[in-house]
Amino acid sequence: MSQLRSRRGLRRATAALAAALLLASAWPALAGDAPAGPEVHVATGTLEGLREDAHGVGLRVFRGIPYAAAPTGRLRWRAPQPAAAWQGVRKAQRFGPRCMQRGLFGDMVFRSDGMSEDCLYLNVWTPAQASGAKLPVLVYFYGGGFVGGDGSEPRYDGAGLAAKGIVTVTVNYRLDVFGFLALPALADESPHHAAGNYGLLDQAAALRWVHDNIAAFGGDPGAITIGGESAGSMSVSALMASPLSRGLLRRAIGESGAVLGNLAPPSLAAAEKQGEAFAKHVGAHSLAQLRAMPAATLLEACGDKGVAEFGPDVDGWFLPRPPEAIYQAGEQAHVPLLVGSNSQEGYYAYLLQDAAPTPDAYRAVVRKQFGAHADEALRLYPGATGAEVKASGTALSGDMFIAFSTWRWMDLQRRTGDAPVYYYYFTQPRPASRDGRQPAGTGAVHSGEIEYALGNLAGNRVYAWTDEDRAVSATLQDYFAAFIKTGDPNAAGLPHWPAAAPADGGLWRQEIGPHTHTFVDRNAPRYGFLQRALPPEAQP
């Protein structure tokens with residue numbers, strides 16, 4: 001599998017799952033601007049936010065805070081620059097614009113103030129009585145394949161965790177061609193001789209802003225956890241590897257995805273070739289011409305046939321070396337990690353391309369995918385019966401999509417990270433939709449854990465949530481809250497969750513679902529096989 005195919009798989013699989021979730025227009029908007037809101041003073045000026053109530057707890061909410069200058073004009077495809085100071089009181093009561101994106105995902109519902117290149121804003125939820133406190137902080141990065149997403153999405157709303165005493169932050173970062181274009185000309189003008197990764201540089205800048213300013217909101221700059229799902233989880237793994245975020249984070253949470261294994265980023269040289277092909281495609285003969293093009297024109301071209309997808313690269317600055325090499329050498333952040341994936345990250349129908357789930361069809365697909373490695377693949381993912389085809393096909397589809405990269409991150413951090421790793425397996429399927437058009441799920445789909453983990457089930461009115469769903473959400477959210485506060489997910493009233501460690505031929509892992517419990521995960525041979533079976537161009 002090539003890197004291009006890996007990133008295309010990330011976007012296609014995520015988009016296919018999103019389209020199936022029928023989440024359109026399900027989230028209620030919050031109240032409009034509130035007069036005489038709470039004020040905080042940050043390095044660039046005074047902000048006026050909103051008062052809100054969640055679970056009987058009073059909160060202060062600040063939306064649309066600029067953490068960097070607008071990356072427009074001459075700042076397009078440059079590292080984020082400091083935000084300008086302002087005079088007087090700046091209203092922070094509306095979400096800022098979302099970053100430029102093509103609208104590829106049906107489950108994304110935005111509360112943002114439109115869409116713009118001027119999108120480097122973050123949002124803060126904090127307890128009303130947090131002034132002068134030193135509360136733990138969560139900085140959360142959205143998913144969306146590095147081509148979609150926004151900090152205003154209601155599923156990432158920070159009120160639930162803020163009600164538990166955690167200052168919660170969501171961050172916008174540049175996407176698609178605006179966030180990840182690499183060109184020799186961009187490397188030439190960079191003092192670090194780097195190109196691409198502007199979206200990741202945005203995240204590092206936001207993390208620095210939080211470190212420098214969060215005390216004004218009652219947060220402890222020495223107790224910052226970074227977290228995210230899918231591309232957001234990949235971002236967390238990259239931030240842990242980057243020297244630019246060293247010392248800024250205390251703990252990390254990764255929900256399905258890492259810049260390791262089959263999702264390892266390409267070299268700068270490879271990314272520059274992709275960028276040159278894009279420039280040629282849009283008829284630009286210089287960097288100046290590219291910067292002069294309307295954002296909408298560039299965005300539309302990203303969807304043209306034959307245009308490769310943009311994503312992180314080993315730029316030599318944010319990522320000085322391939323992440324695999326950084327983690328293997330133990331040069332990543334040595335912080336506790338809570339990480340895992342879901343029971344239905346993929347689905348056998350995606351693998352079989354809608355062919356009937358028969359043993360013959362399954363073997364044909366596996367042999368085409370793995371060639372000389374097919375016999376070993378069939379031993380690890382057997383398909384002798386229709387039932388086995390469905391189970392193994394779902395496992396293989398999910399592993400090749402994102403679960404393998406997640407396992408690789410867990411395993412390397414466990415071996416070289418000098419801190420505990422807590423490994424989960426989320427199994428709760430979503431219930432049937434309220435309108436009856438969508439049946440209950442058979443497994444936990446990709447992204448399906450977000451509302452449970454962040455305590456946002458109630459806002460999603462597509463699904464007929466049950467008492468069981470609410471109980472699972474309470475468990476997962478309490479695990480997250482305990483980890484953010486202490487670096488250990490264990491707390492009173494929760495099933496014990498041991499750190500990942502060898503046990504009976506496998507590793508301890510926590511299944512989180514209707515019957516949360518610890519089990520021994522013995523899937524390492526599957527992932528070791530996938531690591532070996534990747535073609536040379538997919539290796540770092």
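Read-outs throughout are calculated quantities, based only on the coordinates presented, and are distinct from any laboratory measurement. The model shown is predicted, which means the values in this text are computed figures rather than measured ones. Glycine also receives a Cβ, built like all others from the backbone with ideal geometry; neighbour counts cover every protein chain displayed.
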Note to self: Could you check the spin-label model distance between residue 300 and residue 189? Points 7 Å from the Cα along Cα→Cβ, value in nm.
What the structure shows: 2.4 nm
Item checked: Cα-based Lys proximity count in the chain, under 27 Å, for pairs eight or more positions apart or on separate chains -> 9
Margin query: Could you work out [θ]222 nm for the chain from helices alone, using -39500 (n - 2.57) per DSSP H run of at least four and dividing by all its residues? Round to the nearest 500 deg cm²/dmol.
Written below: -9500 deg cm²/dmol
Notebook entry, point to check: Along its principal axes, what span do the Cα atoms of the stretch 364-414 show, with the longest given first and each in whole Å?
Noted result: 36, 25, 16
Note to self: Students often get this wrong, so try it: which of (i) 21, 52, 22, 4, 1, 0; (ii) 20, 41, 28, 10, 1; (iii) 23, 58, 18, 0 is P(r) over Cα pairs in 20 Å bins from 0, in percent as calculated from the structure shown?
What the structure shows: (iii)
Checklist line | Most to least packed among 65-77, 295-307 [average Cβ atoms within 10 Å] | finding: 65-77, 295-307
Check: How big is the charge dipole of the stretch 33-176 about its Cα centre, in debye rounded to the nearest 20, if each Lys and Arg gets +1 on its Cβ and each Asp and Glu gets -1 on its Cβ?
Finding: 320 debye
Next item on the list: Check the cysteines of the chain one by one and keep only those with no other cysteine Cβ under 4.7 Å from their own.
Entry: 302
Notebook entry, point to check: For the stretch 201-211, in order, what is each residue's ³J(HN,Hα) by Karplus, 6.51 cos²θ - 1.76 cosθ + 1.60 with θ = phi - 60°, in whole Hz (x at glycine and Pro)?
Noted result: 5, 4, 4, 5, 5, 5, 4, 5, 4, 4, 4
Checklist line | J(HN,Hα) series, the stretch 427-438, from Karplus relation 6.51 cos²θ - 1.76 cosθ + 1.60, nearest Hz, glycine and proline x | finding: 10, 6, x, 5, x, 5, 6, 5, 8, x, 7, 10
Check: Non-local amide H neighbours of residue 346 (under 5 Å, H modeled in plane, Pro and chain starts lacking H): which ones?
Finding: 398
Note to self: Considering the Cα positions of the stretch 395-466, please state its Rg to one decimal place and its Dmax as a whole number of Å.
What the structure shows: 15.6, 49
Item checked: Within-14-Å neighbourhood charge of residue 189 [Cβ basis; K, R +1; D, E -1] -> +1
Next item on the list: Can you check what the net charge comes to around residue 362, using other residues whose Cβ is under 12 Å from the Cβ of residue 362 (Lys, Arg +1; Asp, Glu -1)?
Entry: +2
Note to self: Can you tell me what share of the DSSP beta bridges in the chain is antiparallel? A percent to the nearest 5 is fine.
What the structure shows: 45 percent
Next item on the list: Among DSSP beta bridges whose residues both lie in the stretch 90-210, state the antiparallel percentage, nearest 5.
Entry: 40 percent
Check: If packing is taken as the mean number of other Cβ atoms within 10 Å per residue, what is the order of 196-207, 426-437, highest first?
Finding: 196-207, 426-437
Notebook entry, point to check: Any idea what the relative contact order of the stretch 125-191 is, in percent, if you count C-alpha pairs under 8 Å spaced at least 6 apart?
Noted result: 39 percent
Note to self: Taking 56 Å as R0, compute the FRET efficiency from the Cβ-Cβ separation of residue 501 and residue 289 and round it to 0.05.
What the structure shows: 0.50
Notebook entry, point to check: How large is ³J(HN,Hα) for each residue in the stretch 467-480, as worked out from phi by the Karplus curve 6.51 cos²θ - 1.76 cosθ + 1.60 (θ = phi - 60°), to whole Hz, x for Gly and Pro?
Noted result: 4, 5, 4, 5, 5, 5, 4, 4, 5, 5, 5, 5, 4, 4
Check: Using r as the Cβ-Cβ distance of residue 467 and residue 113, and R0 as 41 Å, what FRET efficiency do you calculate, to the nearest 0.05?
Finding: 0.65
Checklist line | Full-stretch length increase - residue 474, residue 276 - with 0.36 nm per residue and alpha-carbon distance subtracted | finding: 66.4 nm
